[in-house]
Amino acid sequence: MKQGNVVIDTVDQIISDGVKKGILHLYTDDNTLHGNHITLKGKKVVNFGSCSYLGLEFDARLKEASKAAIDNYGTQFSESRAYVSIKLYRQLEELFFRIFEAPCVITPTTTLGHMANIPVLMSPDDAIITDQQVHNSVGTAVKLLKTSRTHIEVLRHNKMDLLEDRIKLLRSKHKKIWYLADGIYSMFGDTAPIDELYELMDLYPQLHLYVDDAHGMSIHGRHGRGSVLDKRKFHPKMVLATSLAKGFATGGAVMVYPNKEMARKVRTCGGPLITSGPLQPAQLGAAVAAASIHLTEEIYSMQDELYERIKFTNLMLKKYHLPVIAENNSAIFFVGAHLPKVGYNMVRRMLEAGYYVNLGIFPAVPMKNTGIRFTITRLHTFSQIEQMIRTMSEQLPKALKEEGVSYEDIYKAFKLPVPEENLIDQKVASVISQALSLKSYHYKSIHQVDKKDWDILFKGKGTFDWDGLALLEDSFMNNELPENNWEFDYIIIKEVRTGRPIVASFFTTALWKDDMLSPADISESIEVKRIRDPYYFTSRVISSGSLLTEGEHLFIDKTSPFWKDAMQLLFDEINSLQESYNANSIVLRDFHHIDDEFESFLIDNGFFKTPMPDNNVVSDLRWNNAEEFYQSLSKCSKAHFRKNVRRYQNYYEVGTERNPSEIEIEHWYSLYENVKNKSLNLNTFTLPKKLFANIACNDSWETLVLKLTADNSAKITVAVVCSHIAGENYIPMIIGLDYTYNETYKVYRQALYQVMMRAQALGKQKVLLGFSASIEKKKVGAALFPTYAFMQIKDNYNAQTLSIMNLATTTLNK
Amino acid sequence: MKLTRGEFCQFNYTTRLKLLKEFGRNVLEKKIKMRLISIYRISDFYVEVYQNLDNQQLEKVEPVKNMGVLDIYSKL
């Protein structure tokens, strides 16, 4: 599974869904724009999505200056700034020097500014710590450092105590420790704790600050120099990046430095400043006019007008009891909606009511933290603000009811205290209507579930028939290590009238390694940390199925008109489990075929699709003996078989064993540990020894044992394969190998072959060979079947960190 | 939309006047010497507005404390 593609695929899903629902990738119908109205799909709406906080884009002075610049210099000046820049650049640089009282470099965008700054200012010997919520454009530039193996890590949002801990740990190894943050965070509108950061910079010589204050420019501070520099001097260990495309209203960006040398170096060596195009005359002309306004008293009255509107908005949000995620003094507001489906619903409702607001959704925020993001500008009247918020307060309960979500769900998703007035269960109405037709049954053990009922739904689908689950429960309870103690939950949603199951599944809650599906080298570096802290980068996960089962874990009767309601009830149950077990993630897994409707339904409910390792399946067992098997192979596979399997066959004695001795169990377990420790491609905790003893005595399972007579020595067990044999399929689940003999006697390949023979001898239809080692498995006739899971993560900090680790090798073992 | 006096007074005079014009109702307006005196009703209270007609400056935009003042204005 390629980690990088997962993110792109998920973003594609979310955005494409929004486009299909008619709320993303919109175009205005207007031929001209004035003020804060835009026309979308033929409807004139008030725009609450603009980041032009002072409304300066309509100022006559900027427009005239822009037009004059075109008249004087043409529509573009197409030369690299490394060669020539037009005179307006010099004018603008001088104006910015007066605004910031510090050296500046102008860049075409903030993104290009970061890409110019970060590789030039941050060396491979430095450590870089990014705030979890730092703007994506900063993250993009940090990724450029991956080839230089710079130490990069992610810090939980605004946690200065953790930052200080990291500084203390890193300062002996790194001359500079950079902390990258936003002045004002673009989704929730909260701010970085700049005062504390200044204190830390004063206390620790190694700490340097890189801050993107795009949303603070113009609306705060002397001459509109931003929120970071509002009432503060420029810190000598700080670099400031800010945007001219928001409050400043012209496009472009400006980078600000504590000294001339730093500015010179970026201006000289920054990639985009050499190879990218410049700001064009129209933008430069407007920027000169805007900068001139910033240097007059007029900017302060504009700031005041905006502050008053921000104050008013905060007041209205309180009055109308909307779930605001972070109360602050920025012009960005985020009203929680919890799940994507509520977010989509609300944006659509607000559009219909005449207001355009943004959808705050993945990847900008975690899936379960979807919300409605809106901005306030100086152009909004107080009536418009009040009416918009009033409309939102009227529409939100309707959207929540329609989507089966409560206010309490929203506050809990954002880890906020639930106001008393929202503790009343708003889901009651929808639950009652569901309860009239559906009932949920929840069991804590398979022994509480009727065997016949369960096996009707699940026998033959995998290793999780009634007997299989009884074995799992016995093996994964009352163990010494916490990772070997699982919670089991069985949920069946039935139609009340007929008693027929509509949705059913079993869930295990266990400790998973967060790097389970990461590349092996990432897991390797994390395992080094786990020598001291075995539970580093682990979290509790509720998964349909378990780590020791494969197959269609979720039963859904889609012929029932209530299947979606039944799934909602299932989600309610799982969410309750998540609370009580304090689990970080929910995983619904092992889907092979997913229709668009189901996929959309899961995304709307806050799940994102992720590919799992492909499943290896041998579907054709129609041969009757070894010779026919051989003939069924491809030409290459035949050659492989002759060279690597048949040649060594006579050295092996193959059989199944029941009731092994304790010594045998010990030996089998050590063989399993060999395999477990060798491969980090699917990094899981080690299974408990008890499982092997249980499997050996269970009729639904068998243990295939390969003994080798090597060099006239005594027979030794060199391979064991524990397989589930109840049902139509042969399902090897655990393998153990003695690698000492693998090179000489091709133990693994022999084991694979013997599995095939055994499956055929038992009259099975298929052999489900599981994940990994696909090349080897292909040689015995396996084909790959894509498998998918749907995940919901409460706290994606570890996932973000793994993503950074994927891109840049960290030096955890330094 | 209901605003309390305390909430209203959070805002500067310019904003208060805008709030009065957008959400309130002008109940009285009198020119006295070089001042325009207006009384607005907003939510459940009244607000006195004094504007200097010479320089257009707002001199007062304050909730009325003593309702007797309204009688005085109405008799002027």
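Could we say that residue A:25 is at pLDDT 95 or above and farther than 19 Å from residue A:249 by Cα here? Considered against the rule, which asks whether it is at pLDDT 95 or above and farther than 19 Å from residue A:249 by Cα, residue A:25 comes out as yes. When the range A:45-99 is limited to residues that are assigned to a loop (DSSP other than H, G, I, E, B) and among the acidic types (Asp, Glu), the one that is modelled with the lowest pLDDT turns out to be A:79. Restricting attention to the range A:146-157, the residues that are touching a strand residue (DSSP E or B) at 6+ places or on another chain (Cβ under 7 Å) and surrounded by fewer than 21 Cβ atoms within 10 Å (Cβ to Cβ) total 2. When you scan the range A:28-39, how many residues do you find that are under 19 Å from residue A:375 (Cα atoms) and at pLDDT 95 or above? Here the count works out to 4.
Only one of the numbered conditions (1) crowded, with 17+ Cβ neighbours inside 10 Å; (2) away from every other protein chain (no Cβ under 14 Å); (3) at negative phi; (4) at pLDDT 95 or above is violated by residue A:312, and that is (2).
Taken over the range A:382-398, the criterion of being within 15 Å of residue A:357 (Cα to Cα) and either modelled with pLDDT under 95 or away from chain B (no Cβ under 14 Å) (or both) is satisfied by A:395, A:396. Taking the criterion of being closer than 18 Å to residue A:588 by Cα, out of contact with any Lys or Arg (no Cβ under 8 Å at 6 or more places or on another chain) and not in a loop (DSSP other than H, G, I, E, B), the residues of the range A:492-531 that qualify are A:492, A:503, A:504, A:505, A:506, A:507, A:508, A:513.
Tell me the residue from A:347, A:335, A:342, A:365 that is of a type in the set (A, V, I, L, M) and at pLDDT below 95, please.
Unique residue meeting the criteria: A:365.
Do the conditions hold for residue A:293, that is, is it more than 13 Å from every other protein chain (Cβ to nearest Cβ) and either surrounded by fewer than 23 Cβ atoms within 10 Å (Cβ to Cβ) or assigned to a helix (DSSP H, G or I) (or both)? It would help to see each step written out before you state the result.
Details: more than 13 Å from every other protein chain (Cβ to nearest Cβ): yes; either surrounded by fewer than 23 Cβ atoms within 10 Å (Cβ to Cβ) or assigned to a helix (DSSP H, G or I) (or both): yes.
When the stated conditions are applied, residue A:293 passes them.
Listed by first and then second residue, the pairs with beta-carbon distance under 6 Å, at least 6 apart or on different chains, first residue in the range A:445-461 and more than 18 Å from residue A:489 (Cβ to Cβ), second modelled with pLDDT under 95 and exposed (fewer than 13 other Cβ atoms within 10 Å of the Cβ), are A:460/A:728. Taking each residue of the range A:540-567 that is in a loop (DSSP other than H, G, I, E, B) and looking for partners that are among the hydroxyl-bearing types (Ser, Thr, Tyr) and surrounded by fewer than 18 Cβ atoms within 10 Å (Cβ to Cβ) with beta-carbon atoms closer than 8 Å, six or more apart or interchain, yields A:547/A:684; A:562/A:437. Among the residues in the range A:103-110, are any surrounded by fewer than 17 Cβ atoms within 10 Å (Cβ to Cβ) and either touching a helix residue (DSSP H, G or I) at 6+ places or on another chain (Cβ under 9 Å) or β-branched (Val, Ile, Thr) (or both)? No, that holds for no residue. Taken over the range A:775-799, the criterion of being over 27 Å from the mean Cα position of the chain (by Cα) and either surrounded by 19 or more Cβ atoms within 10 Å (Cβ to Cβ) or touching a residue at least 40 places away in the same chain (Cβ under 8 Å) (or both) is satisfied by A:777, A:778, A:779, A:780, A:781, A:782, A:783. What's the total number of residues in the range A:428-450 that are at pLDDT below 95 and either in a helix (DSSP H, G or I) or surrounded by 19 or more Cβ atoms within 10 Å (Cβ to Cβ) (or both)? Residues that pass the stated criteria total 11.
Do you know which residues across the range A:184-207 are farther than 22 Å from residue A:366 by Cβ and either in contact (Cβ under 8 Å) with a residue 40 or more places away in the chain or surrounded by 15 or more Cβ atoms within 10 Å (Cβ to Cβ) (or both)?
Taking the range A:184-207 first, the residues farther than 22 Å from residue A:366 by Cβ are A:194-207.
Answer for the range A:184-207, where residues must be farther than 22 Å from residue A:366 by Cβ and either in contact (Cβ under 8 Å) with a residue 40 or more places away in the chain or surrounded by 15 or more Cβ atoms within 10 Å (Cβ to Cβ) (or both): A:194, A:197, A:198, A:200, A:201, A:204, A:206, A:207.
Of the residues A:751, A:761, A:726, A:714, which is at pLDDT below 90 and farther than 26 Å from residue A:509 by Cα? Let's see the steps before the verdict.
Working: A:751 fails: at pLDDT below 90; A:761 fails: at pLDDT below 90; A:726 fails: farther than 26 Å from residue A:509 by Cα.
Going through A:751, A:761, A:726, A:714 in turn, just one is at pLDDT below 90 and farther than 26 Å from residue A:509 by Cα: A:714.
Going through (1) surrounded by fewer than 22 Cβ atoms within 10 Å (Cβ to Cβ); (2) over 27 Å from residue A:57 (Cα atoms); (3) away from every other protein chain (no Cβ under 14 Å); (4) among the aliphatic types (A, V, I, L, M) one by one, residue A:361 falls short only on (1). Take the conditions (1) away from every other protein chain (no Cβ under 12 Å); (2) over 20 Å from residue A:38 (Cβ atoms); residue A:354 misses just one of them, which is (2). Do we have residue B:73 as out of contact with any Phe, Trp or Tyr (no Cβ under 9 Å at 6 or more places or on another chain) and either of a type outside the set (Ser, Thr, Tyr) or farther than 18 Å from residue A:311 by Cα (or both) here? Yes, satisfied.
Among the residues of the range A:30-40, those identified as surrounded by fewer than 17 Cβ atoms within 10 Å (Cβ to Cβ) and either touching a residue at least 60 places away in the same chain (Cβ under 8 Å) or among the polar types (S, T, N, Q) (or both) are A:31, A:32, A:35, A:39.
Scan the range A:459-470 residue by residue and report those that are surrounded by fewer than 22 Cβ atoms within 10 Å (Cβ to Cβ), assigned to a helix (DSSP H, G or I) and not small (Gly, Ala, Ser). Listed by number, the residues that qualify are A:466, A:467.
The residue that is farthest from residue A:10 (Cα to Cα), among those in the range A:611-625 that are part of a strand (DSSP E or B) and in contact with a Lys or Arg (Cβ under 9 Å, 6 or more places away or on another chain), is A:618.
The values are calculated or read from the model by the stated rules, or taken from the named source; none is laboratory data. Computed from a predicted model, the values in this text were never measured in an experiment. When we count neighbours, we look across all protein chains shown, and the Cβ atoms used for this are built from the backbone with ideal geometry, even at glycine.
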